[in-house]
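Quick notes on the structure that follows.
The values are calculated or read from the model by the stated rules, or taken from the named source; none is laboratory data. Keep in mind that what you see is a predicted model, and the values were worked out from it rather than measured. Positions of Cβ are generated from backbone atoms using ideal geometry, with glycine treated the same way; all protein chains shown enter the neighbour counts.
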Amino acid sequence: MKILIFTASTGGGHKRAAAALEAKIKSLSPETEVSVVDAMKAIGKVYDKTVCGGYHFMATKIPKVYGKCYKITDRKNLMYKAVMRSNTMMSNKLLETINEYSPDIVIICHPFVTTMISKLRRQGKIDVKAISIITDYDAHRTYIVPKIEAYVLAEPQMAKKLIDEYGVDESIIYPLGIPIFDSFTEPFDKEEICRREGLDPNVPTVLLMAGSFGVTSVLEFYKRLAKKGKNMQFIVITGRNIKLFGHLEKLIDEMGMQDNTKLLYFVKNVQDYMHISDLIVTKPGGLTVTESIACTLPMAIYSAFPGQERDNADFLIKQNAAVMLDKKNGADQIIELLNSPEKLDEMKKKCSELSIADSAENIFRLAQKLCAED
């Protein structure tokens, strides 16, 4: 069997989901040919820059406009039709890639690509089965198109919206969860990880995914939190933001917080830091949320731009797996939460209930099943 996984660089979550799925398929079935392709880049540099750059600009620079567009296009109207039409305009550009790999099935981690695959199938240009993975905790109408064999949902409650609002046939809905790497769910030794990382396993630990925030905002937030949390330890991960890393390094030195702050650049073992932390401060991207849930790690949401992040945040708060931080009093909220072990335990329990095991494996088994139906 040949599997082609399509992803895109509109945020890191789509790519991480695709990579986790690829790794699982290769471990389960070495004879299966599986490839991951960034669909936007395959279509062309200009299109990739337009879509990914445009998404980043709107989400970070004009989030209210992005949020309004996101809501409007979740309904059948002229703007929705225009967006869907513009997505399908590039369908033929993807045809060459599909023909090159000649897959038996495609697994898609982005709604724009789902739309393109649907059009190519409706036009009879390709004969390949398709699975669409919705990588957030609420659905959006742009995912919903004909000629898709299966929709994989992040959690079961999403199915009601697909059925009631979008008219999706229940038989093609699979709440299998968002695929993540096995390392987030495997057994771990907290004391061993802490010893290796120079951390105290008996001290309350806050993980800050600082690369998600603006430089100024995260510096001010860390400063307020560190002043109030002298009896805590902090793990601060800046991602690939070298400017932020430098500013934080300087601030940590100035505050004399070197002994209880571990500052990290880009890391490949974020699961270790999630496993040993009591709380994560982050933005609610679909993959970060899923990884945190898998690690039974309660979330404190620093900010969420309107659209899918806001939807994710609303879901988590409603489920009591996360709290939304107030910009002025966020540090006090975190201190209060860490001083409320019963509340933290409730949130951890809820994360455990929300976690869906073996998502990547079950998506692969679904692909096998769909291919066997011919």
| message | Quick test for you: out of R240, R196, pick the one residue that is assigned to a helix (DSSP H, G or I) and either in contact with a strand residue (DSSP E or B) (Cβ under 6 Å, 6 or more places away or on another chain) or among the charged types (D, E, K, R) (or both). | response | R196
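Residue-wise test of (1) modelled with pLDDT under 85; (2) more than 24 Å from E100 (Cβ to Cβ); (3) of a type outside the set (A, V, I, L, M).
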site: A18; (1), (2), (3): no, no, no
site: K24; (1), (2), (3): no, no, yes
site: T32; (1), (2), (3): no, no, yes
site: T50; (1), (2), (3): yes, no, yes
site: Y55; (1), (2), (3): yes, yes, yes
site: Y66; (1), (2), (3): no, yes, yes
site: Y70; (1), (2), (3): no, yes, yes
site: N87; (1), (2), (3): yes, no, yes
| message | What pairs come out if I take residues in the range 228-254 that are surrounded by fewer than 20 Cβ atoms within 10 Å (Cβ to Cβ) and pair them with residues that are in a helix (DSSP H, G or I) and of a type in the set (D, E) whose C-beta lies under 9 Å away, six or more apart or interchain? | response | K228/D332
| request: Report yes if some residue within the range 212-223 is under 15 Å from A331 (Cα atoms) and touching an Asp or Glu at 6+ places or on another chain (Cβ under 6 Å); otherwise report no. | output: no
| query | So, in the range 342-372, of the ones that are of a type in the set (A, V, I, L, M, F, W, C) and outside any helix (DSSP H, G or I), which residue ends up farthest from L287 (Cα to Cα)? | reply | A357
| Within the range 244-302, which residues are assigned to a helix (DSSP H, G or I) and of a type in the set (F, W, Y)? | F245, Y273
| In the range 280-301, what residues are crowded, with 22+ Cβ neighbours inside 10 Å, closer than 18 Å to T238 by Cβ and more than 14 Å from the chain's Cα centre (by Cα)? | I280, V281
| message | I'm trying to understand the selection: among the residues of the range 162-202, which are farther than 27 Å from K24 by Cα and among the acidic types (D, E)? | response | D164, E165, D169, E191, E197, D200
| remark: Conditions (1) of a type outside the set (F, W, Y); (2) assigned to a helix (DSSP H, G or I); (3) within 22 Å of T60 (Cβ to Cβ) -> Q333 fails only (3)
| Test for N320: is it free of Cβ contacts under 8 Å to residues at least 12 places away in the same chain, surrounded by fewer than 17 Cβ atoms within 10 Å (Cβ to Cβ) and either touching a strand residue (DSSP E or B) at 6+ places or on another chain (Cβ under 6 Å) or farther than 22 Å from F57 by Cα (or both) | no
| request: Among the residues of the range 137-176, write down those that are surrounded by fewer than 15 Cβ atoms within 10 Å (Cβ to Cβ), part of a loop (DSSP other than H, G, I, E, B) and of a type in the set (G, A, S). | output: G167
| task | Quick one: in the range 326-342, of everything that is among the polar types (S, T, N, Q) and closer than 18 Å to F234 by Cβ, which residue is farthest from the chain's Cα centre (by Cα)? | result | N339
| request: Could you tell me whether any residue of the range 331-354 is free of Cβ contacts under 8 Å to residues at least 24 places away in the same chain and either closer than 24 Å to D74 by Cβ or aromatic (F, W, Y) (or both)? | output: no
| query | Out of all the residues in the range 117-127, is one or more surrounded by 14 or more Cβ atoms within 10 Å (Cβ to Cβ) and within 23 Å of the chain's Cα centre (by Cα)? | reply | yes
| request: Kindly indicate whether any position in the range 213-222 is within 26 Å of the chain's Cα centre (by Cα) and outside any helix (DSSP H, G or I). | output: yes
| Can D189 be described as of a type outside the set (S, T, N, Q), farther than 29 Å from A82 by Cα and modelled with pLDDT of 95 or more? | yes
| field | Answer residue from the range 25-79, given it is acidic (D, E) and surrounded by 14 or more Cβ atoms within 10 Å (Cβ to Cβ) and is farthest from G13 (Cα to Cα) among those | value | E33
| note | For the range 204-227, pairs from a residue that is within 16 Å of P298 (Cβ to Cβ) and buried (at least 21 other Cβ atoms within 10 Å of the Cβ) to a residue that is modelled with pLDDT of 90 or more and of a type in the set (F, W, Y), with Cβ under 6 Å and 6 or more apart or across chains, are V206/F234; L207/Y273
